[in-house]
1. Can you tell me which residue is nearest to Leu393 (Cα to Cα) among those in the stretch 246-265 that are in contact with a strand residue (DSSP E or B) (Cβ under 9 Å, 6 or more places away or on another chain) and without any contact (Cβ under 8 Å) to a residue 40 or more places away in the chain?
2. I'd like to know if the stretch 460-478 contains one or more residues that are open to solvent by 20 Å² or more (accessible area, probe 1.4 Å), within 20 Å of Tyr420 (Cβ to Cβ) and not assigned by the TED database to the domain that holds Ser414.
3. Being modelled with pLDDT of 95 or more, open to solvent by 30 Å² or more (accessible area, probe 1.4 Å) and in contact with a Ser or Thr (Cβ under 8 Å, 6 or more places away or on another chain) is true for just one of Pro341, Pro345, Pro327. Which residue is that?
4. Given the structure, is Arg455 open to solvent by 30 Å² or more (accessible area, probe 1.4 Å) and outside the structural domain of Gly319 (by the TED database)?
5. Give Gly421, Gly390 a once-over and let me know the one that is open to solvent by less than 40 Å² (accessible area, probe 1.4 Å), assigned to a loop (DSSP other than H, G, I, E, B) and either more than 17 Å from Tyr349 (Cβ to Cβ) or not assigned by the TED database to the domain that holds Asp217 (or both).
6. Within the stretch 243-277, track down each residue that is farther than 19 Å from Val332 by Cβ and buried (at least 23 other Cβ atoms within 10 Å of the Cβ).
7. Which ranges mark the helices (runs of 4 or more DSSP H) fully within the stretch 36-155 that have 2 or more residues being over 23 Å from Arg355 (Cα atoms) and more than 29 Å from the chain's Cα centre (by Cα)?
8. Yes or no: the stretch 162-171 includes at least one residue that is at pLDDT 85 or above, over 26 Å from Lys115 (Cα atoms) and open to solvent by less than 20 Å² (accessible area, probe 1.4 Å).
Amino acid sequence: MGGRWATAVLRLLMIWLAVPALCWLTLLLLRWLTPGFRYNQTLPMLIQRHLFPDGDLTALTPLGWLLVAVGLFVSIAAFSDGYETFGGWAGGVCGLLGLAVLLWAFPVALWDNDKDAGRYYSSQTVFHVPDLNRPPGSMTDVLDGARSGDGRACDRVGAHDVRSCVVQGTSIRNVRWEARTSSLAAARTAMNNAASTVQRVDIMEETLTYLWGAQPDTGRWSAVLDGSEIRQPMYGVAEWDGTTNTARVCRFEGTYRMNRAFGGGRKNNLRNLLAERHRRLVYDDTDIWGYCDDGRPVIVIPVKRQIGHGSRTVHTAGGVLVLRGSPTGSPVTSHRAQVRPGELPGPVYPISLVRAQRDATQWSAGREHRQRSSFGFEPSDDDAQEENSGEYLLRGPDRRLYYVTPLTPRDSESEALVAYGVAPADQTAAGRLNRYDVHVLADGDPMVTDVARLRARAVAHISGPSSPYPNFVNSGGELQEFTPLGGESWRVYGVQNGQTAFYIDLSASGRVTPRTVTPGGNAPQPVPPGNKEQEDDCGGPVREMTDRRLADCLGRFADELRRRSGGE
């Protein structure tokens, strides 16, 4: 009898310890045999994400509970006679426990798995409505059955099992955002030109970031110029002010070198080094940015940490990593768990976290309204916003940096911009989410508009007889990136051949006459009706024409050809 029990216990140990022991030994061997590779960080996180969200046995994912059920059913064999007959009450207990896991623990963990993410990322979300008694149509699902809040943090609290805090206020109407000098598309062109002079050095397009200047409505675009393969390290940082033809580059060189690159291979890989030095910190490429500090490039990475929440893992803020060069070329990395406003010239809160918080708004009215009513908010997918649809890094009247996103109702074909998502970008604290405010406009508010309507007004203005660029659209120009300036005001950029030719400031309601401005200059004077100067200039030598004049003439020739073809 004793021998049979000893055999059963041995079998149980093999069943329950084999997989954990194999995982543990694999991780140890990989870390010992191949130190400094990124998978030594990603594999433990993968195990945590799919099996043990808290890093121990206090919580299990749906896959973890499924493996427990399988283990319990296999354990019946440990108490059977030769694996063929049912072996006593112990085997029966294992079977009953396995059924309980399959019928209760596993479905609960699976059912709430996606909702747990919504619960976490919504924990710091606050909805603002103009009138609680007459809420906007896009907020009725949240406020239906809502109870009174504490009057301080929340005026109303949703009745659903995902936190939804609602306050009454119209503060967004009074906020004015500073205007950027140029578009993302134009910045990409300038940065690519800066990188094209060096072999195997390319712009990391995900790192394009607008850095605000000391004076109002001033700033510059920056991007990391990264190396590649096994020999080309990171080159530096490019900055462009939006008005000149070339970008300024500060390099890693001399006694301030960087012998690694994000796109490098083997020992040239910076990601491997960061994973080895900071095992618990992760990031997306969209979180990376750089700037020139007194002629020396500095790389900043707002980072995240993976933590457990319910039956799954989520990401929280992890502070920032600051990378600098050194005489030996070994990157000097410093981790700052907390950053206050103004301590760094750009964003320190991960933009990827803001997007997760924005996407989680769809859970604020519960699962039923998420699925059947498509509650939630999302950026516009209009073609004009293709280059940059949301999370604009803007500076407010308090000189603080914010991620600002004009939002449409989720799964709506109207594309009406009925809300604004706003989150602080210049402060972060490890282990905490920044507050995410969703300002929902009243139905019929003059601020409610859509990109198609804004584009129509801009096209009508720029194509009019008194416009300084009447043939801009016909000559291949595009209107890109409608960005909010506050209230009813918007700015759109006229981009031609990858460069910002002008921008137009206009209003959502159309009550204010649009204004066309050239970057770094004043509004150009329109050509009076009947003035033949433009037509006369088209007869001169092509080589002597400016880019704008050539574009105007090409547009005029195309218009005349279409007119003649139509007349035939």
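1. Ala261
2. No: the stretch 460-478 contains no residue that is open to solvent by 20 Å² or more (accessible area, probe 1.4 Å), within 20 Å of Tyr420 (Cβ to Cβ) and not assigned by the TED database to the domain that holds Ser414.
3. Just one listed residue meets the conditions, Pro327.
4. In short, yes.
5. Gly390
6. Ala247
7. Where helices (runs of 4 or more DSSP H) fall fully within the stretch 36-155 and carry at least 2 residues being over 23 Å from Arg355 (Cα atoms) and more than 29 Å from the chain's Cα centre (by Cα), they are 62-75, 88-100, 106-111.
8. For the stretch 162-171, residues at pLDDT 85 or above, over 26 Å from Lys115 (Cα atoms) and open to solvent by less than 20 Å² (accessible area, probe 1.4 Å): absent.
The values are calculated or read from the model by the stated rules, or taken from the named source; none is laboratory data. All figures in this text were calculated on a predicted structure; none of them were measured in a lab. Heads up, the Cβs are rebuilt from the backbone with ideal geometry, glycines too, and the neighbour counts pull from every protein chain shown. Surface accessibility is based on the protein's heavy atoms, side chains included, excluding ligands, DNA and RNA. Shrake-Rupley method; radii C 1.70, N 1.55, O 1.52, S 1.80 Å.
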